[in-house]
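Take a look at the structure set out below.
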Amino acid sequence: MTRFPLSFLAFAVCAFTAAPGFAADGTLVVAGETKPTGGTVISLVNADTACEVELRDDAGQTRHESADFEVCFQEPSLIGRRVALTWTEANVMAESCQGDPDCEDSERIVLIATARIIDGAATTTVPSTFCATDEAVVFACRPGGKQVSVCASRDATQPGAWVQYRFGKPDPAAPLELQLPAERLPAPQAATADTLPFAGGGASWMRFRRGDHAYVVYAGIGRWGPQGETEERAGIVVERAGRRIASLPCAGGRADGELGPDWFERVGLRANGEEFELPP
């Protein structure tokens, strides 16, 4: 889904004029709709009209709810955490607008106003990376409701050190949606990579290919703020036939891992004539 600034989305949260009705079964009634008061967050996706939340409620049922955009970018991440929920009514951009920031049509919905992490661990433990404990984490972050990891041999100096791109839902029970290459190939056969210089910093990228599609992970730091402040950027770009078709920023603009020139040198990764331009 495309991420738009809140000012473009004409998002107006309205306060309750009357207290919602609470039930003894962990639900409450808001504007005639029955909503859970808590549950475990499975995924978060920043959509055109609101933050879309996949939630497992206290009855064990999976629900799909809308939330204030701030819920998607809450720190620490809510994914895999048990939360207490509050609800409100809001006017949001109508689905008929299809994400057009100039569209003035709106519709009124019930959405999650706040999601507070409840003390104690999540009922479902969600790892922060797809890499195993005996693998090196080269790159890891969560773009929206997904998780991406670039995993590699623990010892990058060994001959045949491999690297692999993994993408999917941050759910230990869910299978990976994409793994490139399918086998553990030596790094120079699996990907290309390079670095980019910037004022006040620099960036690194790595590209994995499958047919006419390519998946590029990147991370960098530069003077990209409105007043030239130093900011971080990280994410995943999807390309088809050499053209960018999707850009998924990491939550908070940050990624973990060893992505960078030192690691590229140790495993023998090169650009091989390829180029990459960071998304704005």
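No value in this document is a laboratory result; all are computed from the given coordinates. Please read these numbers as outputs of a predicted model, since none were measured by experiment. Note that each Cβ is placed from the backbone with ideal geometry, even for glycine, and that neighbours are counted across all protein chains shown.
Considering only GLY201, GLY228, GLY257, the Gaussian network model of the chain with Cα springs below 10 Å gives its largest mean-square fluctuation to GLY228. Result for the chain in a Gaussian network model with C-alpha springs under 10 Å: among GLU232, GLU265, GLU65, the largest mean-square fluctuation is at GLU265.
The HN-Hα couplings worked out from phi for the range 199-208 by the Karplus form 6.51 cos²θ - 1.76 cosθ + 1.60 (θ = phi - 60°) are 4, x, x, x, 9, 10, 9, 9, 10, 10 Hz, whole numbers, x standing for Gly and Pro.
Applied to the range 224-237, the Karplus parametrisation 6.51 cos²θ - 1.76 cosθ + 1.60 on θ = phi - 60° returns per-residue 3J(HN,Hα) values of 9, x, x, 10, x, 5, 6, 9, 9, 9, 7, x, 10, 10 Hz, with x for Gly and Pro. For the chain, the residue among LEU111, GLY200, SER96 whose Cα projects farthest onto the positive side of the dipole built from Cβ charges is GLY200.
Annotation: amide H of ALA271 within the under-5 Å range of ALA193, sequence separation 5 or more or interchain, hydrogens built in the peptide plane.
Looking at the square roots a ≥ b ≥ c of the eigenvalues of the Cα gyration tensor of the range 220-280, which shape do they give, rounded for a/c under 1.5, prolate if a/b is larger than b/c, or oblate? Because a/c hits 1.5 or more and a/b fails to exceed b/c, the range 220-280 counts as oblate. When the chain is treated as a GNM with alpha-carbon contacts under 10 Å, the residue of LEU178, LEU111, LEU44 showing the greatest mean-square fluctuation is LEU178. Give the residue from THR27, ALA67, GLY220 lying farthest towards the positive end of the charge dipole for the chain; charges sit on Cβ (+1 for Lys and Arg, -1 for Asp and Glu) and the dipole is referred to the Cα centre. Toward the positive end, the furthest listed residue is GLY220. Amide H contacts of LEU178 (H built 1.01 Å from N, in plane; Pro and chain starts excluded): PHE167 sit under 5 Å, all sequence-distant by 5 or more or on other chains. In order along the range 27-41, the Karplus-derived 3J(HN,Hα) couplings, from 6.51 cos²θ - 1.76 cosθ + 1.60 at θ = phi - 60°, round to 10, 9, 9, 10, 6, x, 10, 8, 10, x, 8, x, x, 10, 6 Hz, and Gly and Pro are given as x.
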